[in-house]
Amino acid sequence: MANKGRLIIISGPSGAGKGTICYELIKRMPELIVSRSVTTRPPRTNEQKNRSYLFVSQAEFLSMVQNNELLEYDHHFEHFYGTPRKFVEDMLKFGKDVILEIDVKGALQVKQNFPDSMLFFVEAPSEQALYDRLKKRGTETEEKIQIRMARSRLELAQKNKYDYCILNDSLERAVGEIMDILKK
């Protein structure tokens, strides 16, 4: 049997650059496996069904919760989000390193059940930079951006619970820092 893989969790506030960092990590370290989250929200214009997320109805999601099919889940920004359990556990058993791009609450839930997981907290260089990134997305109203900003303050208060804090002031530097840690 192969060695057990590592569980690598990338999280932080909306707009910190988690998705972009994960994309770059996969490009540069193709041996990493990405676990896609499941959500009840509709796809954004640049997202493809079952590629960016696994998009399901609320009834399907709640059935997954009831059947203990999720490692973690949460309800925020009016929708449910979670991580499918079987895929992650199977990949780890096969010795694969798995990346989860999840919110702070979910990351801390997973860490309780997988204490050896590696938690990376990604943060923007400033609150203004975070706001600018969310605004630039063009996917939310000003009201929803403000809700995300308020949540980001709560999430920042949790960063001391992480193994590593990564400042995403330069994508190249942030990705390089994570790669260096993973290669050790």
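Bear in mind these aren't lab numbers, they're just calculated from the coordinates by the rules spelled out. Worth saying up front: this structure is predicted, and the values here are computed from it rather than measured. In this analysis, Cβ positions are derived from the backbone assuming ideal geometry, glycine residues included, and neighbour counts consider all displayed protein chains.
Quick one: length gained pulling residue 180 to residue 78 fully straight, 0.36 nm per residue minus the C-alpha distance?
33.1 nm
Sort largest first and round to whole Å: the equivalent ellipsoid semi-axes of segment 102-184, each the square root of five times a Cα gyration tensor eigenvalue. Intermediate results must be reported in sequence, preceding the final value.
Numbers: eigenvalues 120, 60, 19 Å².
Three semi-axes, in Å: 24, 17, 10.
Rounded to the nearest 5, what % of the DSSP beta bridges within the chain are antiparallel ones? Just about 30 percent of them are antiparallel. Close amide H contacts of residue 122 (hydrogens built in the peptide plane, cut-off under 5 Å, sequence separation of 5 or more or a different chain): 11, 12, 166. Taking a point 7 Å out from the Cα of residue 143 in the direction of its Cβ, the residues of segment 55-92 whose backbone N falls within less than 19 Å of it are 76-80.
Take every Cα pair under 8 Å whose residues are at least 6 apart in sequence, average their separation, divide by the length of the chain, and the relative contact order is 34 percent.
Estimated from helices alone, the mean residue ellipticity of the chain at 222 nm is -13000 deg cm²/dmol (sum of -39500 (n - 2.57) over DSSP H runs with n ≥ 4, per residue).
Using R0 = 41 Å, the C-beta based FRET efficiency linking residue 57 and residue 153 works out to 0.85.
Here, P(r) means the percent of Cα pairs in each 5 Å bin from 0 to the largest distance; for the chain it is 1, 8, 16, 21, 22, 18, 10, 4, 1, 0, 0.
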